[in-house]
Each structure stands twice: as structure tokens, then as C-alpha cells.
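Enquirer: The structure's right below; bear with me while I get my questions together.
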Amino acid sequence: MDNYDVAIAGLLHDIGKVLERAGVPVNPGLKGQESLFCKDKGSYYSHQHALYTVQFIEDNLKMVIDEDVINLAAKHHVPDNEFENLIKEADWLSAGMDRREYETGSRKKTNYINERLYSIFESINIGKPYQRQNYHYNLIPLTNSEEIFPTTEEKTDVEESRKEYMNLLNHIEEDIRKEIDQNTLLTPENKERIYNKLYYILEKYTTFIPSSTIHYPDISLFDHLKTTSAIAVCLNEFNNSKKKKKKKFILMEGDISGIQKFIFQVTEGEETKKHVSKILRGRSFYINVLIDFMSKYIVRRLGLTISNILYCGGGKFQLLLPNTDRTISTLEEIKLEIQKYLYKNYKTKLGLVLSYIEIDEKGIMNYSDSIVKLQEENVIDKNRKFIDIINMEKDNFFVKSSRIKNICKYCHENEAKIRTYRNEKMEICDECFTHIQLGEMIVKDRLKYIVYDFDNSIKDADLCVKFGSMGQVCFYRQLKYSNIGFIIENINGTGDFGRLKFVGNTVPVKKGSIASFNEIGPMAEGEDKIGVLKMDIDNLGTIFSSGLGDENKSISRISTLSRMIDIFFCGYINKMCQDLYREYLEEKDSSEADLDNLFYINFSGGDDLAIIGPWDWTIKLAMRIKEKLTRFVCNNPNITVSAGVYFADSKMPIRISLHEGERYLGKAKSRNTKDSICIFEKAFRWNAERNNIEKVMEDGELYANWLKEKKLSRNLAFNIMVASKNIKRKDALNLNLIPIIAYSITRNVADDEVRMEMMNRLITADIRESEIEFIKYPLMIALMKTRKVEEV
Ligand SMILES: [Zn+2]
């Protein structure tokens, strides 16, 4: 039994649950074989799904999966040998249960068919009261559309549920027929590819299926299959190792350091300005490609599987590895290899920090606790990082590099060469040229496929990102065959096959090219400014470490949680941008605009994002993300999000604007409530409290209309805004200003309705009721919105 045999068995062990719930009849040839795979309960056999697992493999994968592997997959409730025991152990560990719990309460009932995957977000509690409402997902394939939202609608029709399960099963079988050639020789390379294909087919169709219907069903079947597979492979490697260590597993985190600096350290001169938006997009995506590549490279070098990649996104990855001497020595080799590669190409700008801790079975079951320990280790290692680099610098010390004659204007690092890009000659280094192309091509559906090639054998790709002797990542517009490379990814489902890979890749395009930042500002109403949005989930660390409570922090549950967050920030984000663009056109009453979208996603992944858009629509986008996220997490107040939107002149270097956006986000989070958005240096709650962001925007709209209709003069609006800014002196209100404002309004506003409304809002019997302090914010919005109108 090699690792892939064990891994395949782990990945398929519970697939029978889909057949069982779909109500598929047992094949005649398997009738009477219950005693081999199911648990004998005297009067009946429990765990029928194990028999169905055999049926599934025999029906669909008979030619590529050996008899022993079938037994391995199906005997996890009645194991006969050490390998079968290994799957059983992995199964338990994945579910985070000990034996007793697992074996109770499994008497057959029919309502298990109606059971749905409950939202994991309902289980999160970090201190705010929340009543579970049983939000669940429909039985659908993985998607980045509106269907990702859970519902509370009850499912009672067994036949209907059976049909939905049957539909998913049919899709799984169809994709297997389409993609897995049953007549291939079972070479190690083929096994690897078959495994990877099964992985993504199952990911696509079992993500929204509940794993257990006995316990509270908030773990996705896919996450259970994936983690069982990963644990099983580790146990196999561990059992094969000579020197047995106390703890069987290693939990490793790879962290790319210097990302922000790397992405934004672009010189914005006359000549480069035009391409800055492309290169930033390309660099940000390059980081994605880098960690995707590295995580796969490491598991492959260690003879493990992609299931061992527990998480990959937002500049880091987490791997589950066996604790053997071979793992540790190989890891040290790989670490040096990667660090050397990064150093050679990016000097000290980009670094990889690999940290790991040893964990035992308890560490898998209480996975949240292990993540906390790992993070602590990571902090220590980050500080140690420079020692490695100093060591590498020493090697280079005597090999003095000759001075670069023609330095690249973008990065000021490498030698520039003359290149032709879109019929235009430019001087640029290889790295920056790749980043520009990557940025331009990752847009929308220009590239459909990503292929990971560790043998450097692919020559016909549309674009390649090379990682020296380690391999390359190839991009294709079209792909006819699915049997190339290690694994194929399908970007946002635009391709016909491959692993569904969500990428926040919305950018505004003008004449076929990514618009530059100074083309985005004019899309706003009034003032030509861009909004720089930085946003992320509040208290995410706490949510992962203690949000699920002591009973429920299993590896499969954490895996479900992080994958769900990813679906929202990498996949659904594009939909929100698209929706707002459509609303923009409706508002403009036009079928097209200068740009084909408003928003430039610089990055969106993990739990955070950086997006640039017209200043007014960027606030709307932030509000939309908040609204949708709240629905996605079932209105659970324990999961909130904060944002900073900085309004910038597009002439300002983008890294400075982004830094301000970051600072604003910090201000939003410094409120004790968090759950806020900061604009104009001031943090507002989203919808709680009296003066929230909704009111800022609504009033801003109202005042803008008054300005446009000349019911309110620009002068008066400006004066009230200034008074509003000055009214607070040393923590006390300057009450002398009130009669002056009242006088001004009475004298200068002719429209009765507007005058009354302004007086009511500002001149109140109780000063605490007055909007005098608040009004400057909506007035600033109104003044910005009407700037152009006045000038004409
Ligand atoms: Zn360069």
C-alpha cells in the first residue's frame, strides 16, 4: 500500500453516503455482503453507506482502483488489518471524536435524507448572544453565485431530497467518466493525477452535503473526506518510519513575508504610471501563484497529497504532515531551496517563513488549539528569518555582482531589456514584464486554466510563471486535454474541467486593457477621486481559536469554516462588484460606460481585501459587502467586518493611498465595537447607533439633491460644514455658533420645506438631539458629489 492507495481510500471512504441518501438500490452482486462492510447490530446492519462506497467504486472506478483499496475505503467500520484500521482512525480523528461518541446513536432513521448542511457560522460564539435559527445550504454544486447563501426554509419532502442527492451523484459520475481515463496504466504519476481529479470532482459536488446526519450536521462531507485522507496518509508514513516519535503529526505554516512592500514598491514615474495598475494586479496575483505553487510543491516532494494542504490563501498556507525524520530533513532542504530562489529573484523583499509544531491525536481533535500554538511558533520564526538571509548573503559576499547598466524603471532591482508589448516598445526587466502580463491576463475570463507543472515539461502555455528547477505554473486561454501537469485549476468556473478555483479578478477594462487609476476617478459623481477600500473580518483569530467552543474544534470543522470564508472573499466578491456596476448603469440610465466595471480588486482572499473604485461607489461596495456577509454568516453578531475607505487623488502614489486606507481600517477597528467603517478619519457603525454610515450616505444624497435643485446654496452648505467642524472646542460644544447657524438658515434658505428640515435637524431644544456635530459628514459627501455641477 503506497501513500496514494491510502489517500484514495480516505478520500472515498464515505462517498457511499451520497448513494444511500439518493436511495440508489444495492447492486445485485453486493446483496448479502453487508457482513463484510457494515456493523452487525443483531437485527440489522448499521453503517450501510460502507457497502455503498464499494458500489460507487465498482461502478465508476473499477479499472483504476485495486481490490485492496476498495476494502480499505469501505471497511472503516469493521477493519480487518492494520491499513483498514488506519482509515478508521483517520475517520475518527477527522470528525474530532473518540470511539464511544462515534458508535452511539446510529440507529437508522429516514429523516437523515432530509438533513442539510447547517451553516458553520451559526456555531460561532465569541461572546455575543445569538440564537441558532438552523440556517442550512441547499444541495447544490460549489458555486460563487447567489446560491451560496443559507436558508431557513424547512425541507420535509424525502423524495425531493433524494432527487437532489441523485442529481449530485449523477454529476459526480459524469465528471469521472469525462475526466478519468479508465484505461490508463496505474503508474505512480497516474495515481497522483487520478487522486487530484477525484479531489476536485468531490470538492465541487460534496461541499454542500453534510458529513454526519447523526450529530449536528455543520461539517461538509468534502472537508471530512479531505481531512480523513490527509490524516490517513500521515499515519501511513508514520507507521512506515523506523524511529517512532511520540507525536505522529506535524502542523506546518508557510508564510510569505514582505507581501505589501513587494506589491506596492513600484516607482510611479511619467513613463511607468500607465502600467502601474497592471503591474500591481499582476504582483498581487503572483503572490497567490507563489503560495499555491509552493504548497503543492512541498506536499509533492514529501510524497503526500493536496489534501494535506489544509489551507492556502491570503499569503500563507497550512500543511498537515507526518512527524518523521524524513519529513523534517526534506523540509529543511525545501526551505533552503525556496529561500534561495526568492533571494535570487527578489533579494530580501520576499521571504518564506516555514514554522512547524509537533502534534498528537489530541492536537488533531482540538485543531483550534493547535493553530494557536502554530501561530505563536510562527511569530518566533519570523524574527529568526533574517538569520537565514544573513547566511545566504555571506555566500554572495565574495561574488560581487557587476553593476547593472540599464536598471528596470519599475522595480529598480533587475536589468531592463527592450520588449514589445501591445505594439509598444518598453524597457523592463523579465520579472516585471511577467507581472504586467499576469495582471492583464488574469482579468475576467481571459485565462481559463492554471496548470501546475513540476517537471518543466509544458511548452505550449499562453503564459508561464517559472520557479526555476522546482517547476512552473502555466496559464491557458483554452485547453483541450485534461491529462497534463500535476493538477489543472479552472478559474472561476470559466473552463470546462479542472479544480474550481475562485479568484477575485474583477478590474475595469478600457479598450482591452486594465484601466489606469486616473481613469477610475472620473466615474464618480462630482469630484474626480478614487476610493481605496481595505476591509477584513473582525477578531478572526479569536473566531478560529475559540469561536467554536471546546467541543467542536475538530480539523474538519475548521476546514469547513475557512473554506466558506474563502468562497465569499475569493468567489462571491466578483458578483458584488458586477451587481453594483449594473446598478451604476441603471442609475446613469445607460447601457455602457467608459469602463466595463467600476472596481479594481487588487487582492481579495483569506478574509481581507483591497479594492479601488470611484469614491462614492466604493462606499456602496463596502456597505454591500457588509450586508451580504451578514446574511452569509446567518446574522450572527459574533462575525462582523470593518472597513476603511480613503478618498484619494489618483495622482497620489497608490501605495500611499493604500497605506491611508489601511490606517482608516485601523481606526474602524479601534472602536471597542469594531464592526465599523471609517471615512473622513471618522469611524461609523454600519447600521447600529443613531448616526451610522447609512445615515451619512442618505443625508449626503438628500443634501446633494438640495444643492442641485438650488434649494440649498453651496456657500451655506460649506459654512454649516465649517461650523460643524469647529463646534467642538476642548470637548465642549461652542454654543455661540448655534444662533449664528439658525440665523443663516432662516435668511438664506427660501424653500420652506428645506428650511424647516434643516432647523429641525440642527436647532433642537436639547443639544444632544442636534445633528450639528454630525452634519459635516453628509455635507462633505454632498459637496463632493456636486463639485462638477457647480463648476459648469
Ligand atoms: Zn523590474
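Enquirer: Collect the residues in the stretch 443-463 that are in contact with a strand residue (DSSP E or B) (Cβ under 8 Å, 6 or more places away or on another chain), surrounded by 15 or more Cβ atoms within 10 Å (Cβ to Cβ) and touching a residue at least 24 places away in the same chain (Cβ under 8 Å), keeping them in residue-number order.
Expert: VAL443, LYS444, LEU447, LYS448, TYR449, ILE450, VAL451, TYR452, ASP453, ILE458, LEU463
Enquirer: Of everything in the stretch 415-430 that's within 20 Å of PHE285 (Cα to Cα) and near the ligand (Cβ under 10 Å from one of its atoms), which residue is surrounded by the fewest Cβ atoms within 10 Å (Cβ to Cβ)?
Expert: Looking at residues that are within 20 Å of PHE285 (Cα to Cα) and near the ligand (Cβ under 10 Å from one of its atoms), I get ASP430.
Enquirer: Hey, could you check the stretch 41-75 for residues that are of a type in the set (S, T, N, Q) and outside any loop (DSSP other than H, G, I, E, B) and say which is nearest to ASN27 (Cα to Cα)?
Expert: GLN55
Enquirer: Quick one: would you say ARG655 is closer than 21 Å to LEU580 by Cα, basic (Lys, Arg), surrounded by fewer than 20 Cβ atoms within 10 Å (Cβ to Cβ) and in the same structural domain as ASN518 (by TED's automatic domain parsing)?
Expert: Considered against the rule, which asks whether it is closer than 21 Å to LEU580 by Cα, basic (Lys, Arg), surrounded by fewer than 20 Cβ atoms within 10 Å (Cβ to Cβ) and in the same structural domain as ASN518 (by TED's automatic domain parsing), ARG655 comes out as no.
Enquirer: Show the residue pairs that are 6+ apart or on different chains and have beta-carbon atoms under 9 Å apart, the first residue being within the stretch 278-302 and without any contact (Cβ under 8 Å) to a residue 24 or more places away in the chain, the second being outside any helix (DSSP H, G or I).
Expert: Qualifying pairs under 9 Å: VAL299/THR305; VAL299/ILE309; VAL299/LEU319; VAL299/LEU321.
Enquirer: For LYS466, state whether it is open to solvent by less than 50 Å² (accessible area, probe 1.4 Å) and away from the ligand (no atom under 13 Å from the Cβ).
Expert: No; evaluated as a whole, the condition is false for this residue.
Enquirer: Would you check if PHE433 is within 16 Å of the ligand (Cβ to nearest atom) and either assigned by TED's automatic domain parsing to the domain that holds ILE263 or open to solvent by less than 70 Å² (accessible area, probe 1.4 Å) (or both)?
Expert: Here the answer is yes, as PHE433 does meet what is asked.
Enquirer: Name the residues in the stretch 489-525 that are assigned to a strand (DSSP E or B) and out of contact with any strand residue (DSSP E or B) (no Cβ under 7 Å at 6 or more places or on another chain), would you?
Expert: Those that are assigned to a strand (DSSP E or B) and out of contact with any strand residue (DSSP E or B) (no Cβ under 7 Å at 6 or more places or on another chain): VAL509, LYS510, SER513, ILE514.
Enquirer: Output yes when any residue across the stretch 536-555 is hydrophobic (A, V, I, L, M, F, W, C), touching a strand residue (DSSP E or B) at 6+ places or on another chain (Cβ under 9 Å) and closer than 30 Å to ASN705 by Cα, and no when none is.
Expert: Looking for residues that are hydrophobic (A, V, I, L, M, F, W, C), touching a strand residue (DSSP E or B) at 6+ places or on another chain (Cβ under 9 Å) and closer than 30 Å to ASN705 by Cα, one finds none in the stretch 536-555, hence no.
Enquirer: Kindly check whether there is at least one residue in the stretch 603-615 that is in a helix (DSSP H, G or I), closer than 30 Å to LYS373 by Cβ and within 20 Å of the chain's Cα centre (by Cα).
Expert: no
For (1) of a type outside the set (Gly, Ala, Ser); (2) under 22 Å from GLU694 (Cβ atoms); (3) in a loop (DSSP other than H, G, I, E, B), each residue gets a yes or a no:
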site	(1), (2), (3)
ILE741	yes, no, no
THR746	yes, no, no
MET758	yes, yes, no
ARG761	yes, yes, no
ALA765	no, no, yes
ARG768	yes, yes, no
ILE772	yes, yes, yes
MET780	yes, yes, no
LEU783	yes, yes, no
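Results for (1) within 16 Å of the ligand (Cβ to nearest atom); (2) modelled with pLDDT of 90 or more, shown as yes or no for each residue.
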| residue | (1), (2) |
| --- | --- |
| PHE397 | no, no |
| SER401 | yes, no |
| TYR449 | no, yes |
| ILE458 | no, yes |
| ALA461 | no, yes |
| ILE487 | no, yes |
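Enquirer: Can you pull out the residues in the stretch 738-772 that are hydroxyl-bearing (Ser, Thr, Tyr), open to solvent by less than 60 Å² (accessible area, probe 1.4 Å) and more than 50 Å from the chain's Cα centre (by Cα)?
Expert: SER744
Enquirer: With the condition kept exactly as written, say whether any residue in the stretch 261-274 is on the phi < 0 side of the Ramachandran plot, open to solvent by 10 Å² or more (accessible area, probe 1.4 Å) and of a type in the set (A, V, I, L, M).
Expert: no
Enquirer: Among the listed residues LEU235, LEU202, LEU251, identify the single one that is under 26 Å from the mean Cα position of the chain (by Cα) and assigned to a helix (DSSP H, G or I).
Expert: After applying the criteria, what remains is LEU202.
Enquirer: Going through LYS588, LYS628 one at a time, which residue ends up being open to solvent by 40 Å² or more (accessible area, probe 1.4 Å) and of a type outside the set (S, T, N, Q)?
Expert: Only one candidate qualifies: LYS588.
Enquirer: Can you confirm whether the stretch 404-412 contains a residue that is away from the ligand (no atom under 16 Å from the Cβ) and either open to solvent by 10 Å² or more (accessible area, probe 1.4 Å) or without any contact (Cβ under 8 Å) to a residue 24 or more places away in the chain (or both)?
Expert: No; the residues of the stretch 404-412 include none that is away from the ligand (no atom under 16 Å from the Cβ) and either open to solvent by 10 Å² or more (accessible area, probe 1.4 Å) or without any contact (Cβ under 8 Å) to a residue 24 or more places away in the chain (or both).
Enquirer: While we're here: Tell me whether the stretch 495-510 contains one or more residues that are more than 24 Å from the chain's Cα centre (by Cα) and closer than 23 Å to SER307 by Cβ.
Expert: Within the stretch 495-510, not a single residue is more than 24 Å from the chain's Cα centre (by Cα) and closer than 23 Å to SER307 by Cβ.
Enquirer: Something else: So which residues in the stretch 187-196 are open to solvent by 60 Å² or more (accessible area, probe 1.4 Å) and within 11 Å of ILE8 (Cβ to Cβ), if there are any at all?
Expert: none
The values are calculated or read from the model by the stated rules, or taken from the named source; none is laboratory data. As the structure is a prediction and not an experimental result, all values here were calculated from the model. Note: ideal-geometry Cβ built from the backbone for every residue, glycine included; neighbour counts use all protein chains shown. All accessible areas refer to the heavy atoms of the entire protein, side chains included, with ligands and DNA or RNA removed. Shrake-Rupley method; radii C 1.70, N 1.55, O 1.52, S 1.80 Å.
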